[in-house]
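Enquirer: A single structure is presented below for examination.
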Amino acid sequence: MIYTIFKNLFKIFLIITSRFQVSGHENIPTSGPVILAANHVSNWDPLLLGSAVKRQVHFIAKEELFRIPIVGLLLHAWGTFPVRRGRGDREAIAKSLEILKTEKVLGIFIEGGRNKGNPDEMRPQSGAAMLATHSGAPVVPVALINTDRLFKKMRVVIGKPLTFAVSEEVPKKELYQQISQELVTAITRLKSEKA
């Protein structure tokens, strides 16, 4: 209830201030587990991506944000859960897989944090690839455009779902790198699409 109200209010705010535009709604499966894999340049990105999608999106966020009283409450209401960055957080991984097992939508930023350098040079982490191969869930690439520029036209471009076959012949690290690079390529292509 809180999620829906907040999402709709935020979407109205974005439409008024930034001519918020979403394309590719039809590419998100209406049921079953889904991983939304997006680029990340702004602190607003989880709210923007959540506002762009009809289904509720569950996000992973750095645990430090949950220590800020009001922000922590909003994050919980938004379906977000914490991760300890800098090392493998088994609890966050288990929570992510549980979300997918219960056929919900998981939002993940493929670089593991904001890109504070050149947004066109994405350096993906293995999280999305690992969760995709462990869960079998389709991965939907998403490009977030101009989300760090309030009052400029913000766009969310949603690509077609990708599925990844697991091969016992390919070492996991190499497989994760291949999948991650495929996602980077897909997101880069979406960013170049005209409005």
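Enquirer: Glu174: surrounded by fewer than 21 Cβ atoms within 10 Å (Cβ to Cβ), in contact with a Leu (Cβ under 8 Å, 6 or more places away or on another chain) and of a type in the set (Asp, Glu), yes or no?
Expert: Judged against the criteria, Glu174 is not a match.
Enquirer: May I pose another question? Within the stretch 141-156, work out how many residues are under 21 Å from Gly127 (Cα atoms) and β-branched (Val, Ile, Thr).
Expert: Going through the stretch 141-156 one residue at a time, the tally reaches 1.
Enquirer: Ok, one more. Looking only at residues that are in a loop (DSSP other than H, G, I, E, B) and polar (S, T, N, Q) in the stretch 100-134, which one is farthest from Glu174 (Cα to Cα)?
Expert: Looking at the filtered set, the residue picked out is Thr102.
Residue-by-condition table, conditions (1) out of contact with any Pro (no Cβ under 6 Å at 6 or more places or on another chain); (2) surrounded by 22 or more Cβ atoms within 10 Å (Cβ to Cβ); (3) modelled with pLDDT of 90 or more:
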position	(1), (2), (3)
Asn115	yes, no, no
Glu121	yes, no, no
Gln125	yes, no, no
Met130	yes, no, yes
Leu144	yes, yes, yes
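Enquirer: Also: How many of the residues in the stretch 157-177 are outside any helix (DSSP H, G or I) and either at pLDDT below 95 or on the phi > 0 side of the Ramachandran plot (or both)?
Expert: Of the residues in the stretch 157-177, 9 are outside any helix (DSSP H, G or I) and either at pLDDT below 95 or on the phi > 0 side of the Ramachandran plot (or both).
Enquirer: Among the candidates Ala38, Ala77, Ala94, which residue alone is within 15 Å of the chain's Cα centre (by Cα) and among the small types (Gly, Ala, Ser)?
Expert: Ala38
Enquirer: Taking the stretch 42-67 only, how many residues are at pLDDT 85 or above and in contact with a Ser or Thr (Cβ under 6 Å, 6 or more places away or on another chain)?
Expert: 4
Enquirer: Given Leu75, Leu14, Leu97, which one is in contact with a strand residue (DSSP E or B) (Cβ under 7 Å, 6 or more places away or on another chain) and outside any loop (DSSP other than H, G, I, E, B)?
Expert: Answer to the selection: Leu75.
Enquirer: If a residue must be surrounded by 19 or more Cβ atoms within 10 Å (Cβ to Cβ), assigned to a helix (DSSP H, G or I) and among the aliphatic types (A, V, I, L, M), how many such residues does the stretch 33-72 contain?
Expert: Summing the residues that are surrounded by 19 or more Cβ atoms within 10 Å (Cβ to Cβ), assigned to a helix (DSSP H, G or I) and among the aliphatic types (A, V, I, L, M) in the stretch 33-72 gives 4.
Enquirer: Of everything in the stretch 96-145, what is of a type in the set (Asp, Glu) and farther than 20 Å from Pro46 by Cβ? Give them in sequence order.
Expert: Glu103, Asp120, Glu121, listed by residue number.
Enquirer: All but one of (1) touching a helix residue (DSSP H, G or I) at 6+ places or on another chain (Cβ under 6 Å); (2) in a helix (DSSP H, G or I); (3) under 21 Å from Ser51 (Cα atoms) hold for Ser180; which doesn't?
Expert: Unmet condition: (3).
Enquirer: Got a number for residues in the stretch 156-188 being in contact (Cβ under 8 Å) with a residue 60 or more places away in the chain and hydroxyl-bearing (Ser, Thr, Tyr)?
Expert: Here the count works out to 2.
Enquirer: Being without any contact (Cβ under 8 Å) to a residue 60 or more places away in the chain and under 18 Å from Ile108 (Cα atoms) is the filter here; which residues of the stretch 15-37 pass it?
Expert: Of everything in the stretch 15-37, nothing turns out to be without any contact (Cβ under 8 Å) to a residue 60 or more places away in the chain and under 18 Å from Ile108 (Cα atoms).
The values are calculated or read from the model by the stated rules, or taken from the named source; none is laboratory data. On a predicted model such as this, the values are computed, not experimentally measured, just so you know. Using ideal geometry, Cβ is built from the backbone for each residue, glycine included, and neighbour counts are taken over all protein chains shown.
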